[in-house]
Structure formats: structure tokens, C-alpha cells
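The next block holds one structure in the form of C-alpha cells; read it before the comments.
The values are calculated or read from the model by the stated rules, or taken from the named source; none is laboratory data. Note that the structure is a prediction, hence the values are computed from the model and not measured. With ideal geometry, Cβ positions are generated from the backbone for all residues, glycine too; neighbour counts draw on all protein chains shown.
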Amino acid sequence: MIVVGERINGMFKDIRKAIQTLDKGPVHDWAIKQQEAGADYLDLNVGPATEDKVGAMIWLVETAQEVAKVPLCLDSASLDAIEAGLKLCKRPPLINSCPADQAKIDRIFPAAKEVGASIIGLCMSPAGIPKNAENRVALAMELVANADAYGIPMENLFIDPLVLPVNVAQEHAPEVLETVRQVKFLSDPAPKTIVGLSNGSQKALDRPLIDRTYLSMLMACGLDAAIANACDEDLMTTVATARIILNKDIYADSYVKVYLNRGRNK
Amino acid sequence: MPVEIVKERYSSKVGTITLGATKEQGGTRTHTVTVGGDSTLPFLHFEGEVPNPPVVAIEICDRVPEWNPSLLEHYRDVVGDPAAWAQKAVEYGADLIFLRLSSADPELGDSSPEKCADTVKKVLGAVGVPLIVVGSGVDDKDNIVLPAVAEAAAGENLLMGIAEQDNYKTLTAACMVHKHNIIALSPIDINICKQLNILINEMNMPLDRIVIDPSVGALGYGIEYTYSIMERIRLGALQGDRMLAMPVICGIGYEAWRAKEANAPVSDFPGWGDQKDRSILWEAVTASGFIQAGGHIIIMRHPEAVKLVKNNIKQLMAK
């Protein structure tokens, strides 16, 4: 499981304040904490901290890279901010994200190709998020076809079926699971799949429980990656156990400990 | 029509381990031996790297063992003198010496830790190849003998054994302090194999100083069980499981020479052919099977079997 650590996001108060006051401390702390917890990428999102999305993204990328040992995930709705961040990344990053919208694809895909970056492709078009798996998969196919046309290797394309909060959009959850399953049949090699996991538990009472249950079900459908709380030890324990049940790791009595320590051994 | 060769791509490889230390490295060996580093399944040269050939360690003992006379006759002049025996083994083509300190067994001589350490020093003085040293197999005794050996041979970068799931701490500590490598033995069980490596590593022993002994069975005595365990170990290593990415040692001589087929006289089984030839083949065929399963260090006894196996290794390494 590729874990994208979600914590460096302007939606959180400490990061918002850090961006506003140019205080590197919280960004450094969360970068180190998440990669020690096993994050494979560090998501960077300016959030609502400032109007200057480009300037703030540049500051976040530079600050995170002072301590980061893992690649970054550039998370912004502003293509300018993503392009600015791409130029600074020392390791090929993950771009978060690009919808199935030809105008945006035509801008993001060539930029990603140039630096070998991976792309999160959203199963979403200008018309919105489809209600069922079938239409989500159709949008995924558009992204796959574009990746092929732009010469982007399939392993660099992460299809995101779009997890919605279970408390307001419950009927989407089975469609998301089905989409993850079907995306693997779109091409050979198949693209990867990713979800923004915490979205599923927005405003729900026991968020960690929903997160880890949803993730283990997604893993059973073949999910490759999740943007998630890497520091949620119960969540990582669930990932470790799901990997055993899926026969991806060989069982040993200490398998949980080994999985939890994997970040420190990188 | 051209045939496209399908190649598997793996994310990782087997770790390497170097045994022995030259004078410059703080030891007294004339050379070192490196094994492991494979980035594919055994000998698939077209697919990945097999940087180091498997090596043969010849087994010697610090007392006169109860071996079949047809085997013992090749060491007739040297049994009882481990240093001379080691020299003979090197003449027979040993890449390494595997010294079993059987005489430490309370029922087989009860040699003191000091005496065992002295034996190891004598063998080190007699040959230039790196050494593998194991105890008598009696845990309580080995736990006082092996630390003494580790200390006496500090700097020689030995491979020492045997660590098992219920008895690994003393030997691990001794190997850490005196900078030796350790054999981790599991009973044909992939889960225990991995768990033991984790436990040893948790004591801060680096993973690249552990060698896996998966327990082998001889031809006709469970060879296929170990074969599939070794296949899973290798696939685990290639897929990035660091806790399984160690070179593998196989105790062939001991197992092959326990088989009825290696020992029964021709008078008992006229259809089986001459015992001398049969026993050599039993050991050599068992060894070849384990080399193809991914064994890195092969422990053997009979010089003729060693010759056959070394020739087989040469053929398997040819690209």
C-alpha cells in the first residue's frame, strides 16, 4: 500500500498558521513524523491559508524538502501552483489532481511527462461526479487513453474513484469499491488506484473506524494507494493485516511491528 | 516467428554477505567469500543478476564422527586433528570450512569452552579460507562455548550457529559484540524463518549479517518441502521483504548421509548398485537440487560429491 501522508494541509490550523507566518517548524515536524510512520509521499496542500496559492506552494515544497526523504504530492486546484511546485521537486512527485477534463489534461499531462511525475486522475468531469461505477470507469478510461497518448507509463497514473462522505452520500461507497475493481481491467499494465480516504468519514462520529474499515474493503478490491493519516497507528495496523490476508506479505508473529517500523528503516 | 522472452521485473534482491576477514580487515584469512546479491530466481541470467556463485563448505568435526566408513576413509589420516582435517578439506576444494564442535556435547566428550576456542584458533591457523563454526547442538552447553569461540576469533568475521526461535539471544549477543555473522535456523517453516530474522534484528543485529538455514531434507526425505520454502523465501526477497532477503545455507552432507540409500550395503539391496557410488550421488544430487532452489552456501562431506557439485555450479553460472 502506497500511503500519501495527508497532514501538511492548510485546512489544519497549525499548518495554516505556519504558512501565514512562514514558520517552518510545523511543516518540518509533520514531514518527519509522517515519513517515520511509513508515508511514501507527503501531500502538500496550501488550503485556505492564503490567496497566494503559488507563493505558498513554493514555500511548502522548499520547506518540506529540507527534511523530506520521500517524494511529495502536490495537492492544489490551482494549476499554476502545481506547475510552480513541479519545477522545484527533487524527486518525481505525485500531482493531486487532474479531472477527466480535456482542457486540464492537456495542461497537466505534458507537464507531468516532462519531469516523470505521477498523476492522480479523478473520476470526475465538468459535469460532476458520476453516481455509479459504470460512469466512473468511463471517465477513468478517458484518463487512461490520455496517459497512453501523452506517453505517460500506466504505473504513473493513479485513478481516484472519489470517496464521498458516508454520512451524506452512502450510496456512492459500493460504487467506489466496484470502480476500484474494474479499473484494473482497463489496460495491461493497468493504472494504479488511489483514494482520499479521510473524505469518507467527514463529519462522522467515529472517523478512524470508518477509515480503517473502508480501507480494508478497498484493499480487497485491489486498491494500490491512499491519501490518509499515516500517523493513525490503528489504520496502519489494519493495512499490515490486510496485506497478510491478501497474501502480499509473508506472515510472521511480529508482522505488525515490522510494518509500523518500515518508515524508520527506509 | 521470433519468440519474445518474458521477463519478470522484481523490486528488490537478495542481500549479500561477506565471510572472513583478511589481515587488512582485522582477520587472518587469505581471502574472503561473498555470497548472495541475486536479483532474480536462481540462475535466470537472462532476467537478472546472479553476481556470486554458490559456494561449498566442507564439514569437519572436532572429534572422530560416526560416519560411514566409505566416507571417513577419505579423511583417514586427519580425523581427530581438526587443523589437519581442515587442510585436507581445502585440498578437496572447500571454499569454506564448516567446523562442528561436536565434542562439546556433554555426552560426547564435554570439551570445555576454552578447548573449543583453542580448536577454532588452530583451524584458523591451518587454513586461509573463511570459517563457519557451529556448536554441538546442546543449547545449554553451546551458550557457554560459542561466546568463548566468538571472543577468541574476534576479527575473523566467522559465520556462527545455530540460532533458533527458542535459543537465539546468547549467540546473537556474542556475534554482535565480536562482529561475526549468524545462522538463523527454522524448521521448514517460512513464518518462523521470518520471525526469527525479525527477533535477531530487534537485538540490533544488522540484517546483512544473518544467513537463513531453512532446514533441509535429503533427496527422498522431504527435499520438496524445503524446496518450496526456499522458493517463497527468494520470491519474498525479490518482492522487497527485507526480513527474508538473506542468503541461504543448506546442510546437505548431514542430511544426505542420514539417508538409508547412502548407507545400505549392496548385499541388502542388490538392485541399488554399489554403496560407494550411490552415496556420492545421493549427496551430490541432493546438493544440486538445493543449489537450484537458491542455496548460497552448501555444506558437504564427500570429496567426490564436492567435485561433482562444483562442476555443476560452474555449468549453472555459465551465461
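Details
- Any hit, segment A:71-78, residues being in contact (Cβ under 8 Å) with a residue 24 or more places away in the chain, surrounded by 21 or more Cβ atoms within 10 Å (Cβ to Cβ), hydroxyl-bearing (Ser, Thr, Tyr) and outside the structural domain of A:Ala39 (by TED's automatic domain parsing): no
- Listed by first and then second residue, the pairs with beta-carbon distance under 7 Å, at least 6 apart or on different chains, first residue in segment A:90-104 and modelled with pLDDT of 95 or more, second β-branched (Val, Ile, Thr) and not in a strand (DSSP E or B), are A:Pro92/A:Val115; A:Ile95/A:Ile82; A:Ile95/A:Ile108; A:Cys98/A:Ile105; A:Cys98/A:Ile108.
- One residue alone among A:Phe109, A:Phe158 is outside any strand (DSSP E or B), under 18 Å from the mean Cα position of the chain (by Cα) and in contact (Cβ under 8 Å) with a residue 40 or more places away in the chain, and that residue is A:Phe109.
- Condition check for A:Gly116: of a type outside the set (S, T, N, Q), assigned by TED's automatic domain parsing to the domain that holds A:Ile159 and surrounded by fewer than 15 Cβ atoms within 10 Å (Cβ to Cβ): yes
- Hits in segment B:142-178 - residues which are of a type in the set (D, E, K, R) and farther than 20 Å from B:Phe98 by Cβ: B:Glu151, B:Asp166, B:Lys169
Here's the yes/no breakdown for (1) over 18 Å from the mean Cα position of the chain (by Cα); (2) more than 9 Å from every other protein chain (Cβ to nearest Cβ):
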site: B:Asp208; (1), (2): no, yes
site: B:Ile212; (1), (2): no, yes
site: B:Ser215; (1), (2): no, yes
site: B:Ala218; (1), (2): no, yes
site: B:Tyr221; (1), (2): yes, yes
site: B:Glu231; (1), (2): no, yes
site: B:Gly240; (1), (2): yes, yes
site: B:Met243; (1), (2): yes, no
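- In segment B:133-145, residue farthest from B:Gln25 (Cα to Cα) [restricted to those that are under 17 Å from the mean Cα position of the chain (by Cα) and surrounded by 23 or more Cβ atoms within 10 Å (Cβ to Cβ)]: B:Ser136
- Residues (part of a helix (DSSP H, G or I), within 13 Å of chain B (Cβ to nearest Cβ) and touching a residue at least 60 places away in the same chain (Cβ under 8 Å)) located in segment A:213-266: A:Arg243, A:Tyr259, A:Leu260
- Within the option set A:Gly263, A:Gly222, being touching an Asp or Glu at 6+ places or on another chain (Cβ under 7 Å), closer than 29 Å to B:Arg234 by Cβ and not charged (D, E, K, R) holds for one residue only, A:Gly263.
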